[in-house]
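The values are calculated or read from the model by the stated rules, or taken from the named source; none is laboratory data. Please read these numbers as outputs of a predicted model, since none were measured by experiment. Please note: Cβ atoms are built from the backbone with ideal geometry, for glycine as well, and neighbour counts cover all protein chains shown. For accessibility, only protein heavy atoms count, side chains too; no ligands or nucleic acids. Shrake-Rupley method; radii C 1.70, N 1.55, O 1.52, S 1.80 Å.
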Amino acid sequence: MRPILEARDLTKTYRAGDGEVRALQGISLAVEPGEFVAFMGPSGSGKTTLLQLLGGLDRPTSGEVVLEGVTISSMHDDEATRLRRDKTGFVFQAFNLVPLLSARENVALPFLLAGSGPGDPDVRARVDDALRLVDLDAKADRRPSELAFGEQQRVAIARAIAGRPAILFADEPTGNLDYATGIEILEYLYRSCAERGQTVVLVTHDAQAGAYADRVLFLRDGRVLEEIGLGRRSEHPARPLIERLALLGQ
Ligand SMILES: Nc1ncnc2c1ncn2[C@@H]1O[C@H](COP(=O)(O)OP(=O)(O)OP(=O)(O)O)[C@@H](O)[C@H]1O
Ligand SMILES: [Mg+2]
């Protein structure tokens, strides 16, 4: 099977004042369609930088990012923006919902911004389907302030997957949540993968969260230090990953 996403010898150097930070120092990887991959590693190891390059939010200093066979890292800005809108979904630590809009309107917003009419039945069906996946169909008319934090992040997940992106990227999606709510969010990300075949790339500090992935890439100093294959979550416990990470000093 052709990988859905590939990185080829990616480097990223940030200029910072007079100096520079070599955030990524040669990363190559491939993600298969329907796979759930997690990036872990200490603070500053380059996880967010890698996610931004893979999702086309920033450009590498050298190397290539290939999404569904298309090299996105060398695209012009507006071409890259279009591809990102069509092919990727993002969930961040901050939920980034529009306060004045209901949950349903927040999920529909990307479609409206892309030019669909509010009454478009296809949009409506996709929005409702995404809200159902995160079990929020009964609360679709509530505004973010009328929802718990975990529910707000579930709206953000619904918004990210409603357009059926090739890849869903999530950068520390549980960072603002208490432990139990964080696990709930992981369950929904996992569900999008297990039930929908959604390809998911997750960045996390938390071994319990990483254990939802099929495979963990452990980064240090801008390189992949170790790859830990786990297999499907439903078929393995979290413990072996937690023990392996402990050996890596996590
Ligand atoms: N815009 C930037 N300008 C300069 N340096 C940056 C920039 N973004 C990140 N860096 C540096 O690049 C390195 C990698 O940062 P990155 O944010 O990718 O790490 P991370 O693994 O996501 O860390 P964390 O776990 O704290 O989120 C760090 O040394 C960071 O200080
Ligand atoms: Mg980060």
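Annotations
- Working ranking of peptides 237-245, 19-27 by packing, defined as the average number of other Cβ atoms within 10 Å per residue, highest first, is 19-27, 237-245.
- Dimensions (Å) - region 194-247, Cα atoms, principal axes, largest first: 35, 22, 16
- Accessible-area rank, largest first, for Ser43, Ser28: Ser43, Ser28, with all protein chains present and a 1.4 angstrom probe.
- A Förster radius of 25 Å combined with the Cβ-Cβ distance from Ala148 to Arg196 puts the calculated FRET efficiency at roughly 0.55.
- Förster radius 35 Å - calculated FRET efficiency between Glu226 and Asp58, Cβ distance, rounded to 0.05: 0.90
- Remark on Ser73: its backbone amide H falls under 5 Å from those of Val65, a criterion applied only to residues 5 or more positions apart or on other chains, H modelled at 1.01 Å from N.
- Spin-label pair Ser43/Asn96, simplified geometry with 7 Å Cα→Cβ offset, distance in nm: 2.2
- Hydrodynamic radius of the chain per Kirkwood, over alpha carbon pairs, in Å: 18.6
- Sorting Tyr14, Tyr179 by accessible area puts them as Tyr179, Tyr14; the probe is 1.4 Å, largest comes first, and only protein heavy atoms count.
- Per-residue Karplus couplings for region 8-18, computed as 6.51 cos²θ - 1.76 cosθ + 1.60 with θ equal to phi - 60°, are listed in order as 10, 6, 6, 10, 9, 10, 8, 7, 9, x, 7 Hz, Gly and Pro entered as x.
- Cα centroids of region 35-68 and region 187-245: 15 Å apart.
- The 1.4 Å probe gives accessible areas that order Glu187, Glu172, largest first, as Glu187, Glu172.
- ³J(HN,Hα), Karplus 6.51/-1.76/1.60, whole Hz, each residue of region 154-168, x for Gly, Pro: 5, 4, 4, 5, 4, 4, 6, 9, 4, x, 6, x, 4, 9, 9
- By definition, a body whose alpha carbon gyration tensor gives a ≥ b ≥ c is oblate when a/c is 1.5 or more and a/b is not larger than b/c, and region 39-184 fits this oblate description.
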